Structures are given as structure tokens and as C-alpha cells.
Amino acid sequence: MKIAIPTDGKNGLDERVAYHFGRCATYTILDEEGNVVEIIDNTSEHFGGRGMPAELLKERNVDVLLCRGIGPRAIELANNLGMDVYVGEAESVKDMFKLWKSGKLKKATLDDTCGDHKV
């Protein structure tokens, strides 16, 4: 199992969790034990690349997304690609993973989209 967390940089478990899933600089990918597998740049169309962020992560066989903020289309696309999305508040990758592992993150629904996407 692979878990992806949107991040602001490449400092591994100590990196800050980005506020928005699609507009982060990097994605930190962990295994089910919380070890860093890889850190990738966000090369999605949000940054002049190709594809949507969820598609980029699915190419890396990610199963779970842990986010602070995420839009409704991203939730739907991730779910359609077979990824589970969880939302919550944590400053670091390590803390976000611990919250998820202990069952303290909420499985995201369309009601959990970030403020930028709510009407």
C-alpha cells in the first residue's frame, strides 16, 4: 500500500503538509509503515505539466491520499481511480500519517472540500 501526502518540499517525514492537494509543490509517498518511498514534484497541469494530480499519483500506484484541503473534482477522480481520500489537520507528514494510522482522519466526501471550492 502507498500513501501520498501533498507537501511543500522534500524534507521527508518532517516536511510541512501543503494546504491544497492540487497546488502543492511535491507529493511525499509513504508505505503502510510510514517510511518514505519517494518524493515527487507536482508535474500536473496545475503547474504546466500534463494530467491531473490524482492521475500522477495513480501512475505511482498510490492507494490513499491524506490531505488538508482538496476540491470536489479531485475527490471524485481519486475515488474513480480507486484511491481513498482522507482529510484532517496536521503540520508535518509524520503527524498526518500518525493521525491516519490511528483512525483520526475523516474519509473525504464532497462536503469536505476546501473553502476555495465551496459555493
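The values are calculated or read from the model by the stated rules, or taken from the named source; none is laboratory data. Because the structure is predicted, anything quoted here is derived from the model rather than measured. Note: ideal-geometry Cβ built from the backbone for every residue, glycine included; neighbour counts use all protein chains shown.
Annotations
- Qualifying positions in segment 77-96 - outside any loop (DSSP other than H, G, I, E, B), over 14 Å from Lys58 (Cβ atoms) and of a type in the set (Asp, Glu): Asp95
- Some residue of segment 4-14 being under 17 Å from Leu99 (Cβ atoms) and of a type in the set (Lys, Arg): no
- Restricted to segment 21-32, and to residues there that are hydroxyl-bearing (Ser, Thr, Tyr) and without any contact (Cβ under 8 Å) to a residue 40 or more places away in the chain, the residue that is surrounded by the fewest Cβ atoms within 10 Å (Cβ to Cβ) is Thr26.
- Total residues in segment 68-95 satisfying the condition of being in contact with an Asp or Glu (Cβ under 9 Å, 6 or more places away or on another chain), without any contact (Cβ under 8 Å) to a residue 40 or more places away in the chain and of a type in the set (Lys, Arg): the figure is 0.
Rundown of residues vs (1) under 13 Å from the mean Cα position of the chain (by Cα); (2) at pLDDT 95 or above; (3) of a type in the set (Asp, Glu), yes/no style:
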| site | (1), (2), (3) |
| --- | --- |
| Gly49 | no, no, no |
| Leu66 | yes, yes, no |
| Ala74 | yes, no, no |
| Asp116 | no, no, yes |
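- Listed by position, the strands (runs of 3 or more DSSP E) contained in segment 1-57 that have at least 1 residues being of a type in the set (A, V, I, L, M) and under 20 Å from Glu76 (Cβ atoms) are 2-7.
- Whenever a residue of segment 8-20 is farther than 18 Å from Val85 by Cα, its partners that are aliphatic (A, V, I, L, M) and in a helix (DSSP H, G or I), lying with C-beta atoms within less than 9 angstrom and at least six residues away or across chains, give the pairs Asn11/Val93; Gly12/Val93; Leu13/Val93; Asp14/Val93; Glu15/Val93; Arg16/Val93.
- Across segment 58-76, the qualifying residues are those that are out of contact with any strand residue (DSSP E or B) (no Cβ under 7 Å at 6 or more places or on another chain) and not in a loop (DSSP other than H, G, I, E, B), and the one among them that is surrounded by the most Cβ atoms within 10 Å (Cβ to Cβ) is Ala74.
- Checklist (1) modelled with pLDDT under 95; (2) in contact with a Gly (Cβ under 9 Å, 6 or more places away or on another chain); (3) surrounded by fewer than 17 Cβ atoms within 10 Å (Cβ to Cβ) applied to Lys104, failing item: (1)
- The test for being surrounded by 15 or more Cβ atoms within 10 Å (Cβ to Cβ) and farther than 11 Å from Ile5 by Cα holds for Leu99.
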